[in-house]
Amino acid sequence: MQEKYTPSDVERAAQAAWNAADAYRVTEDAGKKKFYACSMLPYPSGKLHMGHVRNYTINDMLTRYLRMNGYNVLMPMGWDAFGLPAENAALKNGVPPAKWTYDNIAYMKKQMQAMGLAIDWSREIATCDPSYYKWNQWLFLKMLEKGIAYRKTQVVNWDPVDQTVLANEQVIDGKGWRTGAVVEKREIPGYYLKITDYAEELLDHVRNRLPGWPERVKLMQENWIGKSEGVRFAFTHGIRDFDGRLIGDGRMYVFTTRADTIMGVTFVAVAPEHPLAAHAARTNAKLANFIDECKKGGTTEAELALREKEGMPTGLVVFHPVTGEPVDVWVGNYVLMGYGDGAVMGVPGHDERDFAFALKYNLPIMQVVHVDGEHYDYKHWNDWYADKERGVTINSDIFSGFSYEDAVAAVAHHLQQKGLGELKTTWRLRDWGISRQRYWGTPIPIIHCDEHGAVPVPERDLPVVLPQDCVPDGSGNPLNRREDFLACTCPVCGKPARRETDTMDTFVDSSWYYMRYCDPKNDQAMVAEGADYWMPMDQYIGGIEHAILHLLYARFWTKVMRDLGLVKVDEPFTRLLTQGMVLNEAFSRTGDKAGKQYYWAHDLDIVRDEHANVLSATARADGLPVTYEGWTTMSKSKNNGVDPQDLIDKYGADTARLYTMFTAPPEATLEWNDAALEGSFRFLRRLWNFGVKVAAQPAGANAAAGKQAKALRYEVHTVLKQVDYDYQRMQYNTVVSGAMKLLNALEDFKGGGEAGADGAVRECFGILLRVLYPVTPHIAQSLWTELDYTREHGELLDAPWPKVDEQALVQDEIELVLQVNGKTRGSVRVPAGASREEIERIATASPDFAKFAAGATPRKVIVVPGRLVNVVV
């Protein structure tokens, strides 16, 4: 065995052995209890980052631990390979997205393999492979047959220079990210999936069927689904279009959860796209300009929430459904046409947004809810104005004096009697628009025929294969210029037709990939027996940034597959762990022209206080100060990232794995610390050095353990019991600290030459190697083999998890804290079954007592069994 720990040699040898044995190939085995542990598949951006290292190491530890406990464990990996970043890279580098993507996959796979992950690569998938996305297309056609998929017009961001649709994130300050052109809103046809048909079930299951999910993720899902119970009612009007027809049949509908405040309405606001807004703008150029401005920028609710609330009166009025009084109609930039009816009632007295809007535009504010003991201030908002629990209606005519619930019921009944409204449940959730006017994605399997319109591609012709040699140039979807892709015949009439050039949202790809891992090579079915065996997934691991859309779409997709008879599960993920982000310190300087410039820490002189807090930092290049930005997510753009490959090359994969597991619990953020990284490497070097000592000692006989050996076994098995518990609850930072305690105990062992000493050391070091194996598999594998533990327990990969020896936890002696006059002065060891009198005798005869009693006579002895003895003098 080599004397010095050399990570590169150790890891190369271990990986060669695993590869030769095809150690991680997994097959279905009805005789074993299965466990499916999966990390969210990465986007092949070019290199792994430390977040990947942390995520996959968590998964790897779980996999190896469970395999040692007799489970049949699946840990697959794939690539979320379609998407906009590849098109952006193609624009920048002039290469097809396919080449960029596959090159990145090859490099990142090599990095993963260097980490020693127990991945079953025989199940690898890439979502840009036709054998995968064929089933996206197939299921889309099935949804189309069932009415779950449908076509309608959608509002999109249109770049008039590039002649292309932009994602919301590509719109910056109302302009295209690449051209700087003012973005227009256009309505174009697209395909939608009826996720709203599943809203009730999605909500019920997130509340009642997902006990293994973090509460905050469930709350995020619940809020996104957004079930609201309230009243939908109409403001009447006599506004007619230029052909003399009543717009909306003379009714402008709104939905509210606060019908108790209906008598406080002082205005209504409609979305810029609302028919009343469009009608008013035809004769009001100033309003038309305002509406055009409103249409710039993003279209999501989140983006509108961040926008300053602005409005303009239309000059139109509608009539209050209770009083019949006229109410002014405004256009508001914060009202979404896609939510509800595209109009809201303005109640400034009891809605914070409306209150600010009314103050800004000098609109009336009416108090119609009172809370005892509170004073209403018409100039400043107070949170109690919106209090439903304590509020009682006032200034509300026949509805005055009601609690919230009673007022809502009374208003709903009144409006229903007038034929203007009713109680209604609404959902924040909207149908999922999957059409993307981009190239690098799953082609939507539709053919456009002049005679028959949009016709589904026959199943026998799937997949519709995406050309892989296109190079986007920023002038729109290149598929529109690929005649070899576009030209086809109508499946109905056989006449010349054109293919759909929209591709699917990449969330489609990630909504079911984990099921494809179960049957990755099946070219006859989307999923088959493998999914029956492995699903539902037992443990899903990924970032909190995917807590809403990815998880929601995956849950929806699973329910659709269930209803189509493809799978037998209702929910895809039994347990969910959202690992914390990896943070590092960032330093920057803002220049006059160049904008913000970030600096690598190694290019700075940094002054810290005794607690390592940054006091100041200066750039070595010019001696000028830079700004400390604190701890932030690692990023290439902020020059604070750490390349995992650099760590592997310098310290080895095991050090990187050990460090990321030890420094923080899996769910917590991890603040990077170079000194702690060095400490992790030193620990592994100590482990190796101790292994060298074990190799040099004679084989331990099975002699009865002496006093010191018993003490060692007691400590090791005590720690093992805690470590096993920590593994079960996935608290891997304390697993590592437990392993460190085990090595400390072995290094501190002074019983050499004692009966059973060598055997105890070998046993306990074998326990340590198995405890560490899921964390640092390479060094554990090497030491296990070098020290011939395979002879006793088999190959480490499938060695049984060490069992706690309960007999080792039975002590002949126990240690008690010794106190003199209530102050701790040392400790004493007494027989485990010692009587009170015997404990008193041993304590008063101990050297520590003699030292601190200074000859005084004991007056009283207090014994707390198993803990301490206090001698009062």
Quickly rank 770-782, 738-750, 24-36, 713-725 as a protection proxy: mean count of other C-beta atoms within 10 Å, highest first.
-> 770-782, 713-725, 738-750, 24-36
Rounded to one decimal in nm, the spacing of the 7 Å Cα→Cβ label points at residue 161 and residue 377 is 4.9
Over the chain, what relative contact order in percent results from Cα pairs under 8 Å that are six or more residues apart?
-> 14
Rounded to the nearest 20 Debye, what is the dipole magnitude of the chain about its Cα centre when Lys and Arg each give +1 and Asp and Glu each give -1 at the C-beta?
-> 960
If unit charges are put on Cβ atoms (+1 for Lys and Arg, -1 for Asp and Glu) and the dipole of the chain is taken about its Cα centre, the option from 137, 611, 526 lying farthest towards the positive end turns out to be 611
With +1 at each Lys and Arg Cβ and -1 at each Asp and Glu Cβ, the charge dipole magnitude of segment 582-659 around its Cα centre, to the nearest 20 debye, comes out at 260
Which peptide among 198-205, 673-680, 556-563 comes first, and what is the full order, when sorted by highest mean count of other Cβ atoms within 10 Å?
-> 556-563, 198-205, 673-680
Taking the dipole of the chain about the Cα centre (Lys, Arg +1; Asp, Glu -1; charges at Cβ), the one of 214, 539, 248 that reaches farthest to the positive side is 539
Return the FRET efficiency for the residue pair residue 609, residue 632: r is the Cβ-Cβ distance, R0 is 25 Å, and the value is rounded to the nearest 0.05.
-> 0.80
The lysines whose Cα lies under 23 Å from the Cα of residue 309, excluding any fewer than 8 residues away in the same chain, are 175, 185, 286, 295, 296, 360, 379
Is the shape of segment 571-619 rounded, prolate or oblate, going by the alpha carbon gyration tensor and its root eigenvalues a ≥ b ≥ c, with a/c under 1.5 for rounded and a/b larger than b/c for prolate?
-> oblate
Among 126, 755, 39, the residue whose Cα sits farthest towards the positive end of the charge dipole of the chain, when +1 is placed on the Cβ of each Lys and Arg and -1 on the Cβ of each Asp and Glu, is 755
Per-peptide average of other Cβ atoms within 10 Å, ordering 333-341, 794-802, 381-389 highest first | 333-341, 794-802, 381-389
Name the shape class, rounded, prolate or oblate, that the alpha-carbon gyration tensor gives for segment 582-659, where a ≥ b ≥ c are the square roots of its eigenvalues, rounded holds for a/c under 1.5, and otherwise prolate holds if a/b is larger than b/c and oblate otherwise.
-> prolate
Take the alpha carbon gyration tensor of segment 673-809, find the square roots of its eigenvalues, order them as a ≥ b ≥ c, and report rounded if a/c is under 1.5; if not, report prolate when a/b exceeds b/c, else oblate.
-> rounded
About the Cα centre, charge dipole magnitude for segment 227-427 (Lys/Arg +1, Asp/Glu -1 at Cβ), debye = 620
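None of the figures in this text is laboratory data; all of them are computed from the coordinates on show. Please read these numbers as outputs of a predicted model, since none were measured by experiment. Virtual Cβ from ideal backbone geometry, glycine too; neighbours counted across all protein chains shown.
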